[in-house]
Amino acid sequence: MLTKLLRVLQEVTVSSQISKQEADLADTKELDRPIYGAKAIGDEVGLQERQAYYRLEKGDLPAEKLGNTWVSTPRRLRGRLNTAAA
C-alpha cells in the first residue's frame, strides 16, 4: 500500500513538472510574439498611441520600422522598461 502511494506521488510530481515546463514554454512564446503598430506597443507599456509614437520616434522604446509600421516584442519592451526603472 505504501509503495503504491509513493508511486502515485511520483507520478503527480512528474506530471506537475511537465505542466510547469509547458507553461514556461507558453510564456516564452508570448514574450517573443511580435507587436505591430504604435497603438499596440503603447497598450503593452501603458501609453496612449500618440505617446508611444513619440517615444518610438525618439528611440526611447526598442522597436524597428517595418515599412511604416513599428514592430517590437514584449520581451524587448519589458527589458528596456526594467533597465530604465533600475
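Across the range 18-52, what is the total count of residues that are part of a helix (DSSP H, G or I), at pLDDT below 95 and touching a Lys or Arg at 6+ places or on another chain (Cβ under 8 Å)?
1
Hey, can you tell me all the residues within the range 58-75 that are in contact with a helix residue (DSSP H, G or I) (Cβ under 9 Å, 6 or more places away or on another chain) and not aliphatic (A, V, I, L, M)? Steps first, please.
Residues of the range 58-75 that are in contact with a helix residue (DSSP H, G or I) (Cβ under 9 Å, 6 or more places away or on another chain), as a first pass: 60-63, 65, 69-75.
If the condition is that a residue be in contact with a helix residue (DSSP H, G or I) (Cβ under 9 Å, 6 or more places away or on another chain) and not aliphatic (A, V, I, L, M), then ASP60, PRO62, LYS65, THR69, TRP70, SER72, THR73, PRO74, ARG75 are the ones that fit.
So is LEU9 surrounded by 10 or more Cβ atoms within 10 Å (Cβ to Cβ), on the phi < 0 side of the Ramachandran plot, in a helix (DSSP H, G or I) and at pLDDT 95 or above or not? Quick ask: steps written out before the conclusion?
Working: surrounded by 10 or more Cβ atoms within 10 Å (Cβ to Cβ): yes; on the phi < 0 side of the Ramachandran plot: yes; in a helix (DSSP H, G or I): yes; at pLDDT 95 or above: no.
It is false that LEU9 is surrounded by 10 or more Cβ atoms within 10 Å (Cβ to Cβ), on the phi < 0 side of the Ramachandran plot, in a helix (DSSP H, G or I) and at pLDDT 95 or above.
The values are calculated or read from the model by the stated rules, or taken from the named source; none is laboratory data. On a predicted model such as this, the values are computed, not experimentally measured, just so you know. Cβ: placed from backbone, ideal geometry, glycine included. Neighbour counts: every protein chain shown.
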